[in-house]
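In what follows, a structure is listed as structure tokens, so that the remarks can point back to it.
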Amino acid sequence: MTCIRLDATVVTAHSDKELAEANFKGYGHHPLLAYCDNTGGEPLAWMLRKGSAGSNTAADHIVITDAAITALPPAFRRNLMITVDGAGFSHKLLEHLDKLATRRGRTLIYSAGWELDDREKAALRLVPEDAWQIAIDHRGEIRERRSEDACGNAGCGHRACWIEEAHVTELTGLLRQGPAGDQLEGWPATMRIFARRERPHPGAKLSLFENEDGYRYQLWVTNLPTATKGWRGQNAYIDAAHRVHARVEDAIRTGKDTGIGHLPSHDYGLNKAWLDASMIACILLAWLKLLALDGDLAKAEPKTLRYRVLHAAARLTRAGRRRFLKIAAAWPWAEAVTTAWQRIQAIPHPT
């Protein structure tokens, strides 16, 4: 399954640039981006927008979704997963995703954040305690922590020594067939709603509703069929699949170190070209790590790669109709650079 993750970010402007406007984080631009999670955060599509552009502007999200799908090779468009956070979610976007999911011969699963409103709060109050399933992390391990009065053995299996930090449940039945009737009329029939509750970090601010039991609540929706068998159909794994959407934030953060965060010109057209060049650089780095690097370098961020690989003093020479890489043997990462070069050279050239 090919996973596309959508998110927007704010690029701060420290001068009066064209289309830089005030927004919820200050002043600047508000680009919208789409990344492929399968290839380590490879950018698929992007859009430079004015600073006041909405986080959940449906038209922009629909355009970027279609552009991201088009950027994939045809063979990888048939089985898709698209994720978006609650800030980018909208009714029209969901309708568009639902329409794409109904295409013959195609599969599209979406996972999107959902607002905690009065109807959801009323449904949460009706959820019995035994309907909450303990949540797991991205490694498939139970999310729990040691209690304050736990025994001295940190690896013990005593139930009293461990506190379950998060739980998951489904609210679809209560909102579709609960005492108040169908409260999701107008939304796609395949849409399911889930809730996660977790213990807040020390000092975190809770709403009045959350203060009732001390849990922080987050909701999301998906069209994953209820008939899904095996571990993928379990609530805890559905939750884990949505939570890893946060990986897109790392891709954006490292992308800002590659040029996204530094729009250089007053002219909007030049800044748009700069964003294009920066995203191409992100694509090249993603594939460099995927195809040619191992170990720590395969997980390294742009600053590390620049120092260890990209800025390393080396020469390309030609002899006997062949190219050779010459690099100082004393360079700590000379072997990794040489191995990467050999792997790139071994890639078949297109005919």
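The values are calculated or read from the model by the stated rules, or taken from the named source; none is laboratory data. Fair warning: this is a prediction, and the values are worked out from it, not measured in the lab. Note: ideal-geometry Cβ built from the backbone for every residue, glycine included; neighbour counts use all protein chains shown. Calculation scope for accessible area: heavy atoms of the full protein, side chains included, ligands and nucleic acids excluded. Shrake-Rupley method; radii C 1.70, N 1.55, O 1.52, S 1.80 Å.
Here Arg5, Arg77 are screened, and the one residue that is in contact with a helix residue (DSSP H, G or I) (Cβ under 6 Å, 6 or more places away or on another chain), open to solvent by 40 Å² or more (accessible area, probe 1.4 Å), in contact (Cβ under 8 Å) with a residue 60 or more places away in the chain and over 28 Å from Ser265 (Cα atoms) is Arg77.
Looking only at residues of the range 294-318 that are farther than 16 Å from Cys282 by Cβ and surrounded by 11 or more Cβ atoms within 10 Å (Cβ to Cβ), we find that the one that is farthest from the chain's Cα centre (by Cα) is Ala314. As for the range 15-24, it holds at least one residue that is assigned to a strand (DSSP E or B), out of contact with any Pro (no Cβ under 7 Å at 6 or more places or on another chain) and crowded, with 17+ Cβ neighbours inside 10 Å.
Residue count for the range 111-140 satisfying the condition of being among the charged types (D, E, K, R) and assigned to a helix (DSSP H, G or I): 7.
Mind counting the residues in the range 108-145 that are loosely packed, with under 13 Cβ neighbours inside 10 Å and closer than 28 Å to Ala68 by Cβ? So the count comes out to 4. On the stretch given as the range 290-331, residues that are in a helix (DSSP H, G or I) and either among the aliphatic types (A, V, I, L, M) or modelled with pLDDT of 95 or more (or both) total 8.
Considering the range 332-351 alone, what residues qualify as being among the polar types (S, T, N, Q), part of a helix (DSSP H, G or I) and open to solvent by 50 Å² or more (accessible area, probe 1.4 Å)?
Filtering the range 332-351 down to residues among the polar types (S, T, N, Q) leaves 338-339, 342, 345, 351.
Narrowing further to those that are part of a helix (DSSP H, G or I): 338-339, 342, 345.
Gln342, Gln345, listed by residue number.
Ile62 - would you say it is modelled with pLDDT of 95 or more and open to solvent by 20 Å² or more (accessible area, probe 1.4 Å)? So Ile62 fits the description; yes. Taking the criterion of being assigned to a strand (DSSP E or B), open to solvent by 20 Å² or more (accessible area, probe 1.4 Å) and hydroxyl-bearing (Ser, Thr, Tyr), the only residue of the range 25-52 that qualifies is Tyr27.
Determine whether Thr222 is touching a helix residue (DSSP H, G or I) at 6+ places or on another chain (Cβ under 6 Å), modelled with pLDDT of 90 or more and surrounded by 16 or more Cβ atoms within 10 Å (Cβ to Cβ). No.
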